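Participant: Here it is, the structure in full.
The values are calculated or read from the model by the stated rules, or taken from the named source; none is laboratory data. Only a predicted model underlies this, so the values are computations on that prediction, with no experimental measurement involved. Cβ atoms come from the backbone with ideal geometry, glycine included; neighbour counts cover every protein chain shown.
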Amino acid sequence: MPRQARALDVISAGDLFVDLIMSGFPSWPVPGTEAFATDFHREIGGGAAITACGMARLGSRSALLGVVGADTGEWVANQLNSCGVVTSELRFDPAEPTAFSVAISTPEDRTFLTFPGSNRRFSATLAEAAADGRLARARHVHLAWAPDLENAPSLFEATRRNGCSISLDVGWHEKWLADARAMALMPLIDIFFPNETEARKMTGELEPEKILRKFEAAGAKRVALKLGPDGAALLWDGEILRTGPTPVRPLDTIGAGDSFNAGFLHSWLRGESPVTCLRAANFCGASSTEAYGGIDGFPDAERVERELKMNSNE
Ligand SMILES: Nc1ncnc2c1ncn2[C@@H]1O[C@H](COP(=O)(O)OP(=O)(O)OP(=O)(O)O)[C@@H](O)[C@H]1O
Ligand SMILES: [Mg+2]
């Protein structure tokens, strides 16, 4: 799909959260008592938002499709706008608050208490956008979400009728990943973005190469397999490519996978080669670990360009 033919390069769609992050507790909160944090910050969470922001930072025309509540919806929209994300596909639910997580952050771990709120309207909102042709504003639809396995084939077909290519990052949903119908979706999507644990669950294989061949046997054309501190592997039209990690000092790995997706999709939609897409993705994923959350550490286009040039001289 030529770039000029559509107003947007990508619509990222999925569950949205407001993360309320408290840290600096003197000790782990004990049930039945009150614990006081010394630090607090609020940020947008959810893979779709992180990928949408990353792609916008790199220069893609990127919109977010999700549902927010009347309570904090304006704040979410402002945050997205300040990242350069188009918010015309954001829907406001008058009855529910925006989904939120209260996160207790300690140096060892983060624990989330989550209320799904307006995300309960997401599935119906996405189906409506596919049915009424609104997805056709974009060249590509990225789903950061576990679609209902019964309805997923018809949702993907409807998305195709909008003329969009499709990518999917399901995240850790154990039942979904173990269901045989999940593998049957592989021929229906253009790029699948699992991490190692998710891919092992789906394929029953342990080694990256075997995992990717199993996806290929199920009809997958392209799978970008995220291997955390080991980098990533890619199945691309029958070929397998590997890349080692970009050396970083990780501070917080939340959102690394979604940042990887953003780097990959931005390059792919610009028509770059598979190896360039993989290197860009690997760099964006690694960089995102150097700051808290998934958005602050995301590199700009110039840094990615520089990294790719260095890499290609090796
Ligand atoms: N410690 C690290 N060092 C270098 N690169 C890293 C590191 N952690 C993550 N990355 C990069 O980020 C990519 C995605 O990370 P990971 O495999 O953790 O994805 P994920 O589990 O889907 O993440 P998320 O928590 O965002 O869902 C990796 O494939 C790699 O390119
Ligand atoms: Mg992930």
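Participant: Go through segment 28-61 and report how many residues are within 16 Å of ligand 2 (Cβ to nearest atom) and among the aromatic types (Phe, Trp, Tyr).
Facilitator: Qualifying residue count for the region: 0.
Participant: May I ask you to list pairs of residues, at least six apart or on different chains, whose Cβ atoms are under 6 Å apart, with the first in segment 179-198 being modelled with pLDDT of 95 or more and of a type in the set (Val, Ile, Thr) and the second being crowded, with 17+ Cβ neighbours inside 10 Å and outside any helix (DSSP H, G or I)?
Facilitator: Hits for this filter: Ile189/Ile166; Ile189/Leu168; Ile191/Ser167; Ile191/Arg222.
Participant: Hey, another quick one. Any idea which of (1) touching a Gly at 6+ places or on another chain (Cβ under 9 Å); (2) small (Gly, Ala, Ser); (3) more than 16 Å from ligand 2 (Cβ to nearest atom); (4) within 23 Å of Leu80 (Cα to Cα) is the one Ala286 doesn't satisfy?
Facilitator: Checking Ala286 against (1) touching a Gly at 6+ places or on another chain (Cβ under 9 Å); (2) small (Gly, Ala, Ser); (3) more than 16 Å from ligand 2 (Cβ to nearest atom); (4) within 23 Å of Leu80 (Cα to Cα), the one that fails is (3).
Participant: Examine segment 262-273 for a residue that is more than 23 Å from Ala138 (Cβ to Cβ) and in contact with a Ser or Thr (Cβ under 6 Å, 6 or more places away or on another chain), and state whether such a residue exists.
Facilitator: The answer is no, given that none of the residues of segment 262-273 is more than 23 Å from Ala138 (Cβ to Cβ) and in contact with a Ser or Thr (Cβ under 6 Å, 6 or more places away or on another chain).
Participant: Any idea how many residues of segment 183-196 are within 16 Å of ligand 1 (Cβ to nearest atom) and either surrounded by fewer than 14 Cβ atoms within 10 Å (Cβ to Cβ) or assigned to a helix (DSSP H, G or I) (or both)?
Facilitator: Within segment 183-196, the subset within 16 Å of ligand 1 (Cβ to nearest atom) is 191-196.
From what's left, either surrounded by fewer than 14 Cβ atoms within 10 Å (Cβ to Cβ) or assigned to a helix (DSSP H, G or I) (or both): 196.
Residues flagged as within 16 Å of ligand 1 (Cβ to nearest atom) and either surrounded by fewer than 14 Cβ atoms within 10 Å (Cβ to Cβ) or assigned to a helix (DSSP H, G or I) (or both) within segment 183-196 amount to 1.
Participant: Would you say Gly59 is at pLDDT 95 or above and crowded, with 16+ Cβ neighbours inside 10 Å?
Facilitator: Working: at pLDDT 95 or above: yes; crowded, with 16+ Cβ neighbours inside 10 Å: no.
Considered against the rule, which asks whether it is at pLDDT 95 or above and crowded, with 16+ Cβ neighbours inside 10 Å, Gly59 comes out as no.
Participant: Within the set of pairs 6 or more residues apart or between chains, which connect a residue that is surrounded by fewer than 24 Cβ atoms within 10 Å (Cβ to Cβ) inside segment 1-27 to a residue that is modelled with pLDDT under 85 with Cβ atoms less than 6 Å apart?
Facilitator: Partner pairs satisfying both residue conditions: Ile21/Ser105; Ser23/Ser105.
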